[in-house]
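Report on the structure given below.
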Amino acid sequence: MRKETGSRKSPRKSSKSSAAKPQHRPEAPLGDRLLDSLKELQAHLRGEIRLTETLYHVPPETDVRALRQKLGLSQSDFAALFGFNVRSLQDWEQGRRRPEIPIRAYLAVIQRDPQAVIRALRAA
C-alpha cells in the first residue's frame, strides 16, 4: 500500500553569495517563470546560489466535474484539451476512482490558470 503525502518537494534558492540572483515573479506569465527557474538552476550549477527544498501543497480532493463545468467544456473536450483519457475523467467525476497526486497537482494548476496551461500545451 502506497502512502500519499499532501505535498511535493521543489528546489528553491537560499543565499550563498552576493551574486545577482534571479527574481521569483509569481504574477509573471508561465513562460517567464520557467525561464526564471532555468536561470536559477544555471546560477546554482555555477555555484552562485544554493538551492534548498520548499514544500508545495497538493489538494487531497479535487472536484473535477465542477472545474470542467466552470470552464464550460464537455467531458470529451476537457479530456482532449488537457490530455486526459475520457474514461478516467468519467471515473473521477462519478467517484469510482480518485486522481493520483500528480494528476491532482495538474488539476490544481488548471484550476488556478487554465489559459496558461492551454498556452503552454499549444506551444509544446
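The values are calculated or read from the model by the stated rules, or taken from the named source; none is laboratory data. Because the structure is a prediction, the values reported are computed rather than measured. Please note: Cβ atoms are built from the backbone with ideal geometry, for glycine as well, and neighbour counts cover all protein chains shown.
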(request) Please work out which residue is modelled with the highest pLDDT, limiting yourself to the range 22-74 and to residues that are β-branched (Val, Ile, Thr) and over 30 Å from residue 88 (Cα atoms). (result) 49
(request) Could you list all residues from the range 54-76 that are surrounded by fewer than 16 Cβ atoms within 10 Å (Cβ to Cβ) and either more than 21 Å from residue 106 (Cβ to Cβ) or of a type in the set (S, T, N, Q) (or both)? (result) 54, 69, 74, 76
(request) Identify all residues within the range 27-77 that are on the phi > 0 side of the Ramachandran plot and not assigned by TED's automatic domain parsing to the domain that holds residue 119; write none if there are none. (result) 47
